[in-house]
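Everything below concerns the one structure shown next.
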Amino acid sequence: MSKLILIPTPIGNLDDITYRAVQNLKEADFILCEDTRRTLKILNHLEIKKPLRSYHKFNEHDVVENIIGRILSGEKVALVSDAGTPGISDPGYLIASKCIENDIEVECLPGPTALIPALVISGLPSERFTFEGFLPIKKGRKTRLEFLSNESRTMIFYESPHKIIKTITDFKTYFGGDRKISISKEISKIFESTIRGTIDDILSSFENKKPKGEYVIIVRGIK
């Protein structure tokens with residue numbers, strides 16, 4: 001049956017792949033992926049051989065119509081990101097919306113994502129939260145942080161190792177140094193770790209060590 005199916009892939013430990021994900025990868029006519037080398041590593045681990053096609057933020061607008069045409073012709077297409085659930089700070093929105101416009105069935109399997117484990121183990125309120133993903137690098141960053149300074153819900157951010165200190169420093173400027181935060185890195189991987197405390201505490205902890213890994217930052221909302 002022709003459709004688009006979004007398939008979450010492990011964010012670290014390859015054993016986190018679900019049985020349904022494996023079955024649907026086997027059934028797909030071809031697989032869209034951000035980096036064919038990373039997806040090939042997962043497929044080799046699962047002993048699956050399928051045609052791969054690059055689909056990422058730099059080419060999605062150029063190739064989406066061709067993919068829609070192939071699905072309409074009867075093919076089942078799987079979309080994966082490098083890690084986690086497609087569409088969450090990764091490509092997925094454009095092709096899903098285009099499929100819906102063309103009355104194509106869209107399915108998303110449940111599976112790995114970094115933000116929920118980081119929130120649950122943070123020790124911060126988790127009944128209501130807002131996922132912010134990556135903050136704007138330049139344009140719009142100040143405006144966004146000013147807006148979030150009055151957010152009462154717990155906030156979740158993604159950040160890379162070379163920007164983590166700048167982001168926490170910005171949080172101190174807009175949220176205050178005594179705001180409680182939790183930072184998790186490398187979730188489900190060998191060097192997974194979480195540190196908790198105030199923004200000032202966390203900044204101090206980075207003074208004598210070089211940031212490594214991908215980070216999820218959980219920030220308590222304003223009381």
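The values are calculated or read from the model by the stated rules, or taken from the named source; none is laboratory data. Predicted model, so just to flag it, every value in this text is computed and none were measured. Neighbour counts run over all protein chains shown; Cβ positions are idealised from the backbone, glycine included.
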Looking at ARG144 and the list (1) under 30 Å from SER2 (Cα atoms); (2) charged (D, E, K, R); (3) out of contact with any His (no Cβ under 9 Å at 6 or more places or on another chain), which single condition is not satisfied?
(1)
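Identify all residues within the stretch 1-57 that are assigned to a loop (DSSP other than H, G, I, E, B), of a type in the set (A, V, I, L, M, F, W, C) and modelled with pLDDT of 95 or more; write none if there are none. Before the answer, list the steps.
Keep residues of the stretch 1-57 that are assigned to a loop (DSSP other than H, G, I, E, B), which gives 1-2, 7-8, 10-13, 17-18, 28-29, 34-35, 47-51, 55-57.
Retained after the next criterion (residues that are of a type in the set (A, V, I, L, M, F, W, C)): 1, 7, 11, 17, 28, 48.
Listed by number, the residues that qualify are ILE7, ALA28, ILE48.
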Just need a number here: residues in the stretch 146-171 that are surrounded by fewer than 18 Cβ atoms within 10 Å (Cβ to Cβ) and in a helix (DSSP H, G or I).
6
Can you tell me which of (1) closer than 19 Å to LEU32 by Cα; (2) in contact (Cβ under 8 Å) with a residue 24 or more places away in the chain is the one ILE100 doesn't meet?
(2)
All positions within the stretch 18-41 that are free of Cβ contacts under 8 Å to residues at least 60 places away in the same chain, touching a strand residue (DSSP E or B) at 6+ places or on another chain (Cβ under 9 Å) and not polar (S, T, N, Q)
LEU25, GLU27, ALA28, ASP29, PHE30, ILE31, CYS33, GLU34, ASP35, ARG38, LEU40
If you go through the stretch 172-188 one residue at a time, how many are free of Cβ contacts under 8 Å to residues at least 40 places away in the same chain and in a loop (DSSP other than H, G, I, E, B)?
3
Any residue that is outside the structural domain of ILE183 (by TED's automatic domain parsing), crowded, with 19+ Cβ neighbours inside 10 Å and part of a helix (DSSP H, G or I) - is there at least one of those in the stretch 99-110?
yes
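Let's see how each residue does on (1) assigned by TED's automatic domain parsing to the domain that holds ILE11; (2) among the basic types (Lys, Arg); (3) at pLDDT 95 or above; (4) farther than 22 Å from THR85 by Cβ:
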{"site": "MET155", "(1), (2), (3), (4)": "no, no, yes, no"}
{"site": "HIS162", "(1), (2), (3), (4)": "no, no, no, yes"}
{"site": "ASP170", "(1), (2), (3), (4)": "no, no, yes, yes"}
{"site": "ASP178", "(1), (2), (3), (4)": "no, no, yes, yes"}
{"site": "SER182", "(1), (2), (3), (4)": "no, no, yes, no"}
{"site": "GLU186", "(1), (2), (3), (4)": "no, no, no, no"}
{"site": "PHE191", "(1), (2), (3), (4)": "no, no, no, yes"}
{"site": "ASP200", "(1), (2), (3), (4)": "no, no, yes, yes"}
{"site": "LYS210", "(1), (2), (3), (4)": "no, yes, no, yes"}
What residue, of GLY87, GLY74, GLY69, is assigned by TED's automatic domain parsing to the domain that holds ASP35 and assigned to a helix (DSSP H, G or I)?
GLY69
Only one of (1) among the polar types (S, T, N, Q); (2) surrounded by fewer than 17 Cβ atoms within 10 Å (Cβ to Cβ); (3) in contact with a Gly (Cβ under 7 Å, 6 or more places away or on another chain) is not met by SER73, so which one is it?
(3)
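Part of a strand (DSSP E or B) and in contact (Cβ under 8 Å) with a residue 24 or more places away in the chain, is that true of LEU94? Write out each step before concluding.
Numbers: part of a strand (DSSP E or B): no; in contact (Cβ under 8 Å) with a residue 24 or more places away in the chain: yes.
When the stated conditions are applied, LEU94 does not pass them.
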